[in-house]
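S.K.: Can you read through this structure? Questions will come right after.
The values are calculated or read from the model by the stated rules, or taken from the named source; none is laboratory data. All of these numbers come straight from a predicted model, not from anything done at the bench. Reconstructed Cβ throughout: ideal geometry from the backbone, glycine too, with neighbour counts over all protein chains shown. Quick note on the areas: whole protein, heavy atoms, side chains included, nothing else; ligands and nucleic acids left out. Shrake-Rupley method; radii C 1.70, N 1.55, O 1.52, S 1.80 Å.
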Protein chains: 4
Amino acid sequence: MKPSRSFASDNNAGVHPEVLKSLAAVNEGHVVGYGDDPYTASAESLFRRHFGADIAVFFVFNGTAANCLSLKALTKTYEAVICAEAAHIYVDECGAPEKMTGCKLIPLPTRDGKLTVDAVRKAYHGIGDQHHVQPRVISITQATEVGTVYRPNEIKALAEFAHERQMFLHVDGARIGNAAASLGKGLRECTRDVGVDVLSFGATKNGGMGAEAVIFFNPDLAKEFKFYRKQGMQLASKMRYLAAQFEALFKDDLWLKNARHSNRMAQLLKRELSDVPDVRIVYPVEANGVFARIPSRSIPKLLKRYFFYPWDIEQSVVRWMCSWDTTEDDVKKFVDFVRRTLA
Amino acid sequence: MKPSRSFASDNNAGVHPEVLKSLAAVNEGHVVGYGDDPYTASAESLFRRHFGADIAVFFVFNGTAANCLSLKALTKTYEAVICAEAAHIYVDECGAPEKMTGCKLIPLPTRDGKLTVDAVRKAYHGIGDQHHVQPRVISITQATEVGTVYRPNEIKALAEFAHERQMFLHVDGARIGNAAASLGKGLRECTRDVGVDVLSFGATKNGGMGAEAVIFFNPDLAKEFKFYRKQGMQLASKMRYLAAQFEALFKDDLWLKNARHSNRMAQLLKRELSDVPDVRIVYPVEANGVFARIPSRSIPKLLKRYFFYPWDIEQSVVRWMCSWDTTEDDVKKFVDFVRRTLA
Amino acid sequence: MKPSRSFASDNNAGVHPEVLKSLAAVNEGHVVGYGDDPYTASAESLFRRHFGADIAVFFVFNGTAANCLSLKALTKTYEAVICAEAAHIYVDECGAPEKMTGCKLIPLPTRDGKLTVDAVRKAYHGIGDQHHVQPRVISITQATEVGTVYRPNEIKALAEFAHERQMFLHVDGARIGNAAASLGKGLRECTRDVGVDVLSFGATKNGGMGAEAVIFFNPDLAKEFKFYRKQGMQLASKMRYLAAQFEALFKDDLWLKNARHSNRMAQLLKRELSDVPDVRIVYPVEANGVFARIPSRSIPKLLKRYFFYPWDIEQSVVRWMCSWDTTEDDVKKFVDFVRRTLA
Amino acid sequence: MKPSRSFASDNNAGVHPEVLKSLAAVNEGHVVGYGDDPYTASAESLFRRHFGADIAVFFVFNGTAANCLSLKALTKTYEAVICAEAAHIYVDECGAPEKMTGCKLIPLPTRDGKLTVDAVRKAYHGIGDQHHVQPRVISITQATEVGTVYRPNEIKALAEFAHERQMFLHVDGARIGNAAASLGKGLRECTRDVGVDVLSFGATKNGGMGAEAVIFFNPDLAKEFKFYRKQGMQLASKMRYLAAQFEALFKDDLWLKNARHSNRMAQLLKRELSDVPDVRIVYPVEANGVFARIPSRSIPKLLKRYFFYPWDIEQSVVRWMCSWDTTEDDVKKFVDFVRRTLA
């Protein structure tokens, strides 16, 4: 029998029981649709508690939408978004950013998934030249697609570079909880306080069912967002069920517990793998993912029992993600299986 | 104290308890994301049971997406969609259809919310002329935005008109359950069997939480849909929780029970209103909505206690919708209040 | 033998000889491409002389582009453009406005091709409501598609309505010369001075080869236009040959002579037709077009000798346009032929 | 006094006198607008003579449009276009391809401006995966942006790679004449006969005023192009003046004379530069452009007298283009000036 939990992705996990309870808790009577209800107001106030009173926050269904609509709100069609070449918006959203915004994305190679000011500077040119797209947004992913975490000062440097040039800094925070937990910082400390302008705040991968928030730290940037959300087909009629997910995740810092747990499981996984011959960890394990180079012939064998995604077929690198519900036993059994299979 | 249920919209209602149970029932262990899981496969098979084995079905988050992505799959940017001028896609989706498809929508006036072949014929011109958009889709809403229901032969006539011209017939079925219940027909009988090409199948307004399906009766039309869904920001990572909603609604024909119930409540509401002076029902009550002309000065008074939407301010027409959870007592108390307020 | 000049359209005419000469006159040596040349600067200064020093003006290839890029510069994707249902942007541009801007166009019926404040007011609603597109531009055509001409005070009223609501007034001036000539006003008097914000200034139909200008009377609105023009595929590399056309048309008021002439030919055509039985002029002849109801069976007979466009097949109305090169003899021979054919 | 001709760009040159004459030659009487005229038909037949009877050909205003509309005709929004990272469509069209098509462009580094099958193969992945854009077009530039020319067999290899995968090969032929002249091949031999599907055929840079053609070698691909051209704002009303330019360029092989001449001038320029110290030619001179690394401090000095574009500021590489009207004397005086300036 296959194990009930894999290391394929944190979105392969189910919903935390508290989130399910929260859905039931709001399921009373009628409330006005499309976000004009007390549950949504309450969830919004939780975001304000974490990020400051003067924010604008909007709920959407998934991370692709949070990212693309954030970018739409920040750009004109002739502008451009600078991102890492491994960025989810560049690689994994089937051209949704280009389609939604009309903009070009400018992909930059990175060593460890992180953009640097030096790299961005090289992509910043042609300013004012009508033949060239005009860079308007730097978009980074935190935690990154390869499981690393930007240090606050790294973000600050990018934000300063952006702001000096009338650009914006957007963060794809599909795993912002994991990043904050990893840094031991508050959510605000590692986003708003270091200059982030707009944050895609992820809940789905951290125990939610399907809910993400877009947070504008300067509400002026958000004036038109409600229209972009609706035109972007992301306005939930029964909004209370998105709100309820955030309610559950903020209650008793469930988001932090979940994130810490999955991060810790990734550390355990890394540790347990450390003495498996032929396994080489290729990126620092700073959040909930482990990227390992393994013999390519072993991959199909491992996949027979555990589903996961090859990350870089040419380099024979695979991605193993831990979730809020990964157990120590899961990790140990998995590493056992890896060890036996590779032997 | 305000009543806990209003007549504002069927999406102001909560989620049917069976749907909540169904969400919990699928919340076990890990499954592959993005729809490649057994729960999604199972829900798809229920659609096949109802609509035929040779369909293609896709789940999305909401009705706007179901409509716009259906239209995207059927059109090129220079084509056009013919619809009623009261159509949700024309009036209530903030330009999402135009933005997503690039197409023009051609709005036609109607008497009772229903397009007719005669009306559509007048909008069908300029064919082959490079200066003009080329009509490619007729899109109708079933039940309509004004609570009427197309007869199967009316749909058939539109479908034939469309197919003779290489056009498609799309149905916005946000309330397809109410229509089928009203007609006393099976879901397939009043859609596929009368020539519908693509159906936006609504669950949210009929007891669901937030799930709609796009059904292609000719799978050839669906070949690219998975890409359009992803690029349209509507691919759920934890798809099982959309699937579970359909599972619940199809089980023991819950969809039909809910639809019949809300339709019956609308009939009751109509009946109870029949002897209220100054209330005039302006459209046939064939689904779960009642549209009434009432003295305009009474509207603010009614709104103090019951939230609902003015439908046509100039004509002083209001819309009252019944839901799966509307009770006879709700209706009676509401009509009592209307009677007293208008007196 | 067919006559060498028809009454089909002012764009069926050739290029005024002075325009051809002007093209040759700028054909000396190299100049920097894309508009950074002295000929373009000189042509721009002619626009400033006519419309004021503080304008921003851009040259594009054709009228569709002038219109669509004007609208693009004024709107966000969730906004809407109010126009007459016979407007060129609504009927004759194959959905280019929707594709370029993402916006919905809101078509209003008119009696004589002209929008009125009353009509526009009815289309101005749903403001601030996220479900609805937000009207941002009123676009009118001057002279209109049916050969009528807005009076300055009519334009002023529309401009005031627009500006009170943070909207803009755009004028499709494909035949702005004919309108100014008809009104006996200067170009500025009947546009900028009565509140127009952006003008598509037509040269092609008035003796040019293929050149239109977009004029912003508030340069702040034009800040991004150079990028929209390039992204809209309308930046000419050899811009001097667009500029030269304007140079010729402004020299010795050639634009005005051409426009007056074609207007006068339309008056002559109207007069000559006045005693032809079975011909009824259906719109006031105020510019260079004559719209006539004629027996439908006569249309194919007329078309054998003279190419023109049926305007409204159902009403058996045809459109006859006069050009800068139409002669009195052309008119008389044409009316003779009409008279004989209808007899 | 500044010299009347520079080496900035072939589009800084004027119009060949035969082209001007040709414009005058078609300026007789009225013809039907929008391409339904005998001049357009005649020009189209010249393309058929060169490229085969069974092609579809369309005229547009400029190269950006020829490229973007070609790509639009070949793609769906979720697809992708593979191109060189120096491609005009990627770098110099202000995001027009992304805006028009909705597609992502996938840029590949090259050694000499040319894509290779090996490079393209690496970018061809994620096929069928809904998360990824789907490569549909390989787009190459001939002659390339760095003045090199694909050999026919290089194009054939790319075409075969494309066709084996249901992809298309598009050629941006802004300088296709220069390439054909360089190869000593017929236009058809180096495009259609080696597998090109769609060609942007450039006239503007080779003595024209402003006209490019889009040629589909499989007319089935062109069925919708007339609508895309109109919706793309590129349908000329007075089409005869675009047609006339092609008429002139094909007459007595003017296109070839012009191309050969500018190529020869580039060879002369290269030769003359060969003994100038501190000038290093960095790409093979195979068409009409010379790319040279020169001391960066000399660039501003040269620009005082001759306008041209720095190509790569970091590498201190400049671009010098020859035109149909460049003279030997121009070249010699320019090289003299370079020599003196660098000394």
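S.K.: Return yes or no: is D:PRO107 modelled with pLDDT of 95 or more and either within 14 Å of chain B (Cβ to nearest Cβ) or crowded, with 24+ Cβ neighbours inside 10 Å (or both)? First the steps, then the outcome.
M.R.: Values: modelled with pLDDT of 95 or more: yes; either within 14 Å of chain B (Cβ to nearest Cβ) or crowded, with 24+ Cβ neighbours inside 10 Å (or both): no.
When the stated conditions are applied, D:PRO107 does not pass them.
S.K.: Please find, among C:GLU154, C:GLU160, C:GLU164, C:GLU189, the residue that is open to solvent by 20 Å² or more (accessible area, probe 1.4 Å) and free of Cβ contacts under 8 Å to residues at least 12 places away in the same chain.
M.R.: Going through C:GLU154, C:GLU160, C:GLU164, C:GLU189 in turn, just one is open to solvent by 20 Å² or more (accessible area, probe 1.4 Å) and free of Cβ contacts under 8 Å to residues at least 12 places away in the same chain: C:GLU164.
S.K.: When you go through A:ALA143, A:ALA203, A:ALA179, A:ALA159 one by one, which is the residue that is touching a Lys or Arg at 6+ places or on another chain (Cβ under 6 Å) and among the small types (Gly, Ala, Ser)?
M.R.: Working: A:ALA203 fails: touching a Lys or Arg at 6+ places or on another chain (Cβ under 6 Å); A:ALA179 fails: touching a Lys or Arg at 6+ places or on another chain (Cβ under 6 Å); A:ALA159 fails: touching a Lys or Arg at 6+ places or on another chain (Cβ under 6 Å).
Only one candidate passes the filter, namely A:ALA143.
S.K.: If we only count helices (runs of 4 or more DSSP H) wholly inside region A:141-237, which ones have 1 or more residues that are closer than 21 Å to A:ASN263 by Cα? Steps first, please.
M.R.: On the way: elements: A:152-164, A:176-183, A:225-231.
By residue number, A:152-164, A:176-183.
S.K.: Answer yes if at least one residue in region B:199-217 is farther than 29 Å from A:LEU235 by Cβ and in the same structural domain as B:ALA80 (by TED's automatic domain parsing), and no otherwise. Working first, answer last.
M.R.: Taking region B:199-217 and keeping what is farther than 29 Å from A:LEU235 by Cβ, we get none.
No, every residue in region B:199-217 fails to be farther than 29 Å from A:LEU235 by Cβ and in the same structural domain as B:ALA80 (by TED's automatic domain parsing).
S.K.: Then there is this: Can you tell me which residues in region D:287-312 are aliphatic (A, V, I, L, M) and within 23 Å of the chain's Cα centre (by Cα)?
M.R.: Kept after step one, since they are aliphatic (A, V, I, L, M), are these residues of region D:287-312: D:287, D:290, D:292, D:294, D:299, D:302-303.
D:ALA287, D:VAL290, D:ALA292 - these are the residues of region D:287-312 that are aliphatic (A, V, I, L, M) and within 23 Å of the chain's Cα centre (by Cα).
S.K.: Further question on the same structure: Could you tell me how many of the residues in region D:238-264 are under 30 Å from B:HIS132 (Cα atoms) and either among the small types (Gly, Ala, Ser) or not in a helix (DSSP H, G or I) (or both)? Before the answer, list the steps.
M.R.: Restricting attention to region D:238-264, the residues satisfying the condition of being under 30 Å from B:HIS132 (Cα atoms) are D:238-247.
Of the ones still in play, those that are also either among the small types (Gly, Ala, Ser) or not in a helix (DSSP H, G or I) (or both) are D:238-239, D:243-244.
Looking only at that region, the number is 4.
S.K.: Restricting to region C:315-333, name every residue that is within 12 Å of another protein chain (Cβ to nearest Cβ) and either over 19 Å from C:LEU254 (Cα atoms) or touching a strand residue (DSSP E or B) at 6+ places or on another chain (Cβ under 7 Å) (or both). So that I can check it myself, show each step before the final result.
M.R.: Within region C:315-333, the first condition is being within 12 Å of another protein chain (Cβ to nearest Cβ), and the residues that meet it are C:321-327, C:330.
If the condition is that a residue be within 12 Å of another protein chain (Cβ to nearest Cβ) and either over 19 Å from C:LEU254 (Cα atoms) or touching a strand residue (DSSP E or B) at 6+ places or on another chain (Cβ under 7 Å) (or both), then C:MET321, C:ASP330 are the ones that fit.
S.K.: Output the number of residues of region C:214-240 satisfying the condition of being more than 10 Å from every other protein chain (Cβ to nearest Cβ) and either surrounded by fewer than 24 Cβ atoms within 10 Å (Cβ to Cβ) or without any contact (Cβ under 8 Å) to a residue 40 or more places away in the chain (or both).
M.R.: Taking region C:214-240 as the starting set, the residues that turn out to be more than 10 Å from every other protein chain (Cβ to nearest Cβ) are C:214-223.
With the extra rule that they be either surrounded by fewer than 24 Cβ atoms within 10 Å (Cβ to Cβ) or without any contact (Cβ under 8 Å) to a residue 40 or more places away in the chain (or both), the set shrinks to C:216-223.
The number of residues fulfilling the criteria is 8.
S.K.: Return only the number of the condition from (1) out of contact with any helix residue (DSSP H, G or I) (no Cβ under 8 Å at 6 or more places or on another chain); (2) open to solvent by 40 Å² or more (accessible area, probe 1.4 Å); (3) not in a helix (DSSP H, G or I) that A:PHE291 does not satisfy.
M.R.: (2)
S.K.: Now for a different question. Run down D:ALA65, D:ALA13, D:ALA53 and say which single residue is part of a loop (DSSP other than H, G, I, E, B), at the interface with another protein chain (Cβ under 8 Å from one of its Cβ atoms) and small (Gly, Ala, Ser).
M.R.: Values: D:ALA65 fails: part of a loop (DSSP other than H, G, I, E, B); D:ALA53 fails: at the interface with another protein chain (Cβ under 8 Å from one of its Cβ atoms).
After applying the criteria, what remains is D:ALA13.
S.K.: Going through region C:115-140 one residue at a time, which ones are part of a loop (DSSP other than H, G, I, E, B) and open to solvent by less than 10 Å² (accessible area, probe 1.4 Å)?
M.R.: Within region C:115-140, the first condition is being part of a loop (DSSP other than H, G, I, E, B), and the residues that meet it are C:115-116, C:124-133.
Residue satisfying the conditions is C:LEU115 alone.
S.K.: Within region C:1-10, how many residues turn out to be farther than 24 Å from C:LYS251 by Cβ, more than 7 Å from chain D (Cβ to nearest Cβ) and open to solvent by less than 60 Å² (accessible area, probe 1.4 Å)?
M.R.: The number of residues fulfilling the criteria is 2.
S.K.: Take D:SER22 and decide whether it is farther than 22 Å from D:ASP172 by Cα, touching a residue at least 40 places away in the same chain (Cβ under 8 Å), open to solvent by less than 30 Å² (accessible area, probe 1.4 Å) and away from every other protein chain (no Cβ under 11 Å). Write out each step before concluding.
M.R.: Values: farther than 22 Å from D:ASP172 by Cα: yes; touching a residue at least 40 places away in the same chain (Cβ under 8 Å): yes; open to solvent by less than 30 Å² (accessible area, probe 1.4 Å): yes; away from every other protein chain (no Cβ under 11 Å): yes.
For D:SER22, the condition - farther than 22 Å from D:ASP172 by Cα, touching a residue at least 40 places away in the same chain (Cβ under 8 Å), open to solvent by less than 30 Å² (accessible area, probe 1.4 Å) and away from every other protein chain (no Cβ under 11 Å) - is met.
S.K.: Hey, another quick one. Quick one: which of C:GLY29, C:GLY35 is more than 8 Å from chain D (Cβ to nearest Cβ) and in a loop (DSSP other than H, G, I, E, B)? Before the answer, list the steps.
M.R.: Working: C:GLY29 fails: more than 8 Å from chain D (Cβ to nearest Cβ).
Just a single option satisfies the conditions, and that option is C:GLY35.
S.K.: Across region D:192-213, which residue is most open to solvent (accessible area, probe 1.4 Å) among those that are of a type in the set (A, V, I, L, M) and within 14 Å of another protein chain (Cβ to nearest Cβ)? Spell out the reasoning first.
M.R.: Restricting attention to region D:192-213, the residues satisfying the condition of being of a type in the set (A, V, I, L, M) are D:194, D:196, D:198-199, D:203, D:209, D:211, D:213.
Next cut, within 14 Å of another protein chain (Cβ to nearest Cβ) only: D:203, D:209, D:211.
Numbers: D:ALA203: 0, D:MET209: 18, D:ALA211: 0 Å².
Among them, the one singled out is D:MET209.
S.K.: What tally of residues in region B:29-67 results from selecting those that are hydroxyl-bearing (Ser, Thr, Tyr) and either within 20 Å of the chain's Cα centre (by Cα) or open to solvent by less than 10 Å² (accessible area, probe 1.4 Å) (or both)?
M.R.: Final tally of qualifying residues: 2.
S.K.: Further question on the same structure: Among the residues of region D:87-97, is there at least one that is out of contact with any helix residue (DSSP H, G or I) (no Cβ under 8 Å at 6 or more places or on another chain) and within 14 Å of chain B (Cβ to nearest Cβ)?
M.R.: No, region D:87-97 has no match at all.
S.K.: Restricting attention to region D:265-288, which residues are touching a residue at least 40 places away in the same chain (Cβ under 8 Å), part of a helix (DSSP H, G or I) and open to solvent by 10 Å² or more (accessible area, probe 1.4 Å)?
M.R.: Passing the criteria: D:LEU268, D:GLU272.
S.K.: Restricting to region C:90-101, and then to whatever is surrounded by fewer than 24 Cβ atoms within 10 Å (Cβ to Cβ) and of a type outside the set (Ser, Thr, Tyr), can you tell me which residue is farthest from the chain's Cα centre (by Cα)?
M.R.: Pass one, region C:90-101, residues surrounded by fewer than 24 Cβ atoms within 10 Å (Cβ to Cβ): C:90-92.
Restricting the remaining residues to those that are of a type outside the set (Ser, Thr, Tyr) gives C:91-92.
Working: C:VAL91: 14, C:ASP92: 12 Å.
Only one residue tops the list, namely C:VAL91.
S.K.: Take B:ASP112 and decide whether it is buried (at least 22 other Cβ atoms within 10 Å of the Cβ) and of a type in the set (Asp, Glu).
M.R.: On the way: buried (at least 22 other Cβ atoms within 10 Å of the Cβ): no; of a type in the set (Asp, Glu): yes.
Criteria not met by B:ASP112.
S.K.: Check whether at least one residue in region B:147-154 is modelled with pLDDT of 95 or more, out of contact with any Lys or Arg (no Cβ under 9 Å at 6 or more places or on another chain) and more than 24 Å from B:TYR283 (Cα to Cα), and report yes or no.
M.R.: For region B:147-154, residues modelled with pLDDT of 95 or more, out of contact with any Lys or Arg (no Cβ under 9 Å at 6 or more places or on another chain) and more than 24 Å from B:TYR283 (Cα to Cα): absent.
S.K.: Tell me which residues, restricted to region D:68-89, are part of a helix (DSSP H, G or I) and open to solvent by 30 Å² or more (accessible area, probe 1.4 Å).
M.R.: D:HIS88
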